[in-house]
Structures are given as C-alpha cells and as structure tokens.
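The values are calculated or read from the model by the stated rules, or taken from the named source; none is laboratory data. The shown structure was predicted, so the numbers you read here are calculated from the model rather than taken from an experiment. Here the Cβ positions follow ideal geometry from the backbone for every residue, glycine too, while neighbour counts run over all protein chains shown. Quick note on the areas: whole protein, heavy atoms, side chains included, nothing else; ligands and nucleic acids left out. Shrake-Rupley method; radii C 1.70, N 1.55, O 1.52, S 1.80 Å.
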Amino acid sequence: MSLTGTPFLVTTVALAAVAVLLPLALWSRVRGPALVRGAARLLMVLFAQATAITLVFLVVNNANNLYDNWGDLLGTGDHVQAAADLGPDGTGGISLRSLPKVRQTFHEANGPGMHAAGGVEVTELRGRVSGVDAEVYVWLPPQYHEAAYRHRTFPVVELLPGYPGSPKAWFGSLHAPAQLLPLMRSGQITPFILVAPRTTLIADADTGCANIPGRVNADSWLSVDVPKMVTDNFRAESGPGGWAVAGYSAGAHCATKLAVAHPDRYRAAVSMSGYNDPMGEPVSLAAQDPRLRAANNPYLILGHDRIPPAVALYFSGESGDGYEAGLALRKEAKPPTRVDVVYLPRSAGGHNMALWRPQITTVFRWLTQQFDVSGRKAGGATTGFTGRTLPPEPSTAGSTHAALASETASRAAAVRRP
C-alpha cells in the first residue's frame, strides 16, 4: 500500500482501534503459566504502542508531506542515473538550444490538495543534462485555458520543499493553488504557472541543491532540466524575466542560492525560514566539503561577485530562523540586487507549515511586483494581462523598531550563519 494513500491510513486506524480493544477484552482471560501470561500481555501493550506511533506518524506525515513514498521513508530511493562533471554553469558545455524538445506525458496527480483549484498534473522527467530521473508537478493558472489568453505565455514560479519534504507539500499542506486561484481570477496577482520538482534525490541526504560530480547534479536538475521541460510543454516564459523560485526551510536556502548563482535563469527568489550557510541542514551534501560549502552559500556568492546579480530576494522569518540570514544578505547586496526582509514575531508560529501557509498570498503579491505587468504573446509581442493591480509593499507584521534592530543570530540558529 502507498505510504500516503487512504487505504494504509484506514488500515492503521482500524489496527489502532483493535490494539485498544484487545487488552480490554483479553487481559484477564489470558491462561497459562505466569511467564506466558506476562509475555502475551506485553505483546498486547507493544502492539498498542506500535499502532499508536504509526498512526501519529501518518497523520503528521500527511499534514506536512515529509515523505512521499516508502523509498523516501526507508532511505532506499535514488533518482540519480548519472552525475557527470558539468562545469561551473551546470550545463557541461551543452548548448540547450541544440537539444531536441522534451515532450512529456502528464497525468492527474493524486493526494491531498492535488485535485483542488483545477488540479495538479505530474510527469516523470528524465533529465538529459543533470542525469536525474524524478517527478515534476505542474499547476496551471485559471487564465491558461481561457480563449483570451491562448496566445500568451505565462511566468513561472518553481516551488521547493524543505528536507525531508515532498514537492506535493506546496499543494497539499500549504494549499497554494486554493489560496492563489481567487486572487489570480480577480487580477490581484499575476497568473503564474506553479512547478514543483522533486528535490529529495539521494537516499538519506539533502543535496543542498548543489552539483557534486559523481554524486548528484541537483542544481542542473532544478535550474536547467526542469525549466527546459516546462517551456517545451507549456506556454511558459523563458529566460530570467519570466522565472522565480520559492522555498521554505532547506528549500528556501536552495531558492536563494539558485537565484544568486544563476541570475541568467531567475529574476526573483523567496526564502521562508531559510539560511545561507549550507550547514543549516547538517545532512546537506553541500555542507560536507569546505569548497562546496562556500560555493553554495549565497552570502559568499554575493560577496565574491564582481557584478551584482540583477535579482530580487524576499526573506521572511522569525528571530533565529531566517530573519538574520535575510539581514546579512541585505547588508551584503549592492544594486541592482534587491533584498526585502520581513520579520515574523514569535507568536506567528514555529518552523512548520502553520508559519508558512499564511505567507503564501503575501509572497505572491511580492512576486507580482517583481515581474513586468505586461503579458507576453507566444510570438514575442507584448500585451497586458487585463485587470491586474499591484499589491502594496510587504509589511513586517507590525513589528517594533527594536524587534527589527538585532542582526545577531540566536543560539537556536547558530549553525545557520550568513
């Protein structure tokens, strides 16, 4: 049975109920020597504990989309077919325009939230450049299928989960389409195509969205193969002017790193409770080697760039969990790099979905500001998206000046240094 499927959840609920009723019915009826009676009663207790723990795990996992399948949970899943050395730009010297178009077959995705707001589609993509073979989820805005927009291309936001985490979390746990659909219909935010690729590519390890020859080319998977597939199969804008990347937790680190490292591929990035130093996730492969650790730290990348990248970065977080990382980048950034930092008070929540879910609409209002207010015809001519209005600047949730003043990470975020 599927780890996240309804049959397994229902079976676990039934077993948990049996585990509670079993001792009540049989505890005093067990016969035999004292050792046998004790062993039987111990087994009933252990059975009850095991089913209770399993049920709690399933509820938490389904609510947060931590593990997608048994391979992710047991650490047996591996989605890397090859990991050649692709060089600094992650293409291996390949001209992407010379590659044939990637034609994919999509089908309806299953799981919580996957059928809401028009539904989510999924495909299995074999990355020709990265050597990664994994699933990619796509949600299309309401305008995509309207006759008035049949000749328009749409901007794209690539959505990255934390670690451990499933790309389904943006649809099932954060309810992104359901929150954004009415705002897109009313013209309050841009009708973005949402793309959520798998980021857990190696068993028991976070790739840090890095290219590591011989292990994984996660950067090229996310910034080369996935965008090419999307532009080859949908009326999606190509080039940095039409692409953004957003993430939470480890996915937030990846989003910032990808945008800063590849301003030729992304225009903007959103980091919710993210960090700069890859060591913010101790099992990150990018954190295990000093050279990789430095090469994948957006704070250091900004500091070393002779020409500041033309990207806009949005950071939100509580003190000690994302806020200081944003302040550090804002201090390091030079125009045309833009960094907006939003302070979230401790009362807003912890490092979980309850903190990130309410931010979705604010984040996409900010993203709307970063993109040209005009749509683009598939042939290249520019035309406007009708009825669109721009949202106000992001707020800091009513935080006081004193609360915003500190630039020192808390003890809890000691490993999440700039």
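Within the accessible surface of the chain, defined with a 1.4 Å probe on protein heavy atoms only, the carbon and sulfur portion equals 59 percent.
The count of lysine pairs in the chain with alpha-carbon distances below 23 Å, taking only pairs 8 or more places apart or on different chains, stands at 8.
With angles folded into 0 to 90 degrees, how steeply does helix 250-261 sit against the dominant principal axis of the chain? Use alpha carbons for both and round to 10. Compared with the principal axis, the helix lies near 20 degrees. Ignoring the sites themselves, the chain has its longest run without trypsin sites (Lys or Arg not before Pro) in a DSSP loop having at most 13 other Cβ atoms within 10 Å at 151-305. Rounded if a/c is under 1.5, else prolate if a/b is larger than b/c, else oblate: which is region 46-129, with a ≥ b ≥ c the root eigenvalues of its Cα gyration tensor? It comes out oblate by the Cα gyration axes.
Among Asn352, Asn217, Asn276, the residue with the largest mean-square fluctuation in a Gaussian network model of the chain, with springs joining Cα atoms closer than 10 Å, is Asn352. Computed with a 1.4 Å probe over protein heavy atoms only, the accessible area of Phe57 comes to about 60 Å². Note on Leu43 and Ala294: the extension gain reaches 85.2 nm, defined as 0.36 nm multiplied by sequence separation minus the Cα-Cα distance. Taking a ≥ b ≥ c as the square roots of the Cα gyration tensor eigenvalues, region 60-207 comes out oblate, since a/c reaches at least 1.5 and a/b does not exceed b/c. Label sites at Phe106 and Arg330, each approximated as a point 7 angstrom past Cα along Cα to Cβ, lie 3.7 nm apart.
Taking 19 Å as the cut-off, the amide N atoms of region 123-166 that come nearer than this to a point 7 Å along the Cα-to-beta-carbon line of Thr91 belong to 127-132. The convex hull defined by the C-alpha atoms of the chain has an orientation-averaged projected area of 24.1 nm². Say a paramagnetic label sat at a point 7 Å from the Cα of Ser2, along Cα to Cβ; which residues of region 128-143 have their backbone N under 18 Å from it? Answer for this model: 134-139.
Would you please classify the overall shape of region 216-338 from the alpha carbon gyration tensor, given that a ≥ b ≥ c denote the square roots of the eigenvalues, rounded means a/c under 1.5, and beyond that prolate means a/b larger than b/c while oblate covers the rest? It comes out prolate by the Cα gyration axes. Largest mean-square fluctuation among Thr361, Thr200, Thr256, in a Gaussian network model of the chain whose springs join Cα atoms under 10 Å apart, belongs to Thr361. Were the residues from Ala84 through Arg357 laid out at 0.36 nm apart, the gain over their Cα-Cα distance would be 94.6 nm. Can you say what percent of the DSSP beta bridges in the chain, counting only those with both residues inside, are antiparallel? Round to 5. Among the beta bridges of the chain, antiparallel pairing accounts for roughly 45 percent.
Solvent exposure of region 169-259, expressed per residue, is 19 Å² of accessible area, with all protein chains present and a 1.4 angstrom probe. The slack between Ala203 and Ala348, meaning 0.36 nm per residue of separation minus the straight C-alpha distance, is 48.9 nm.
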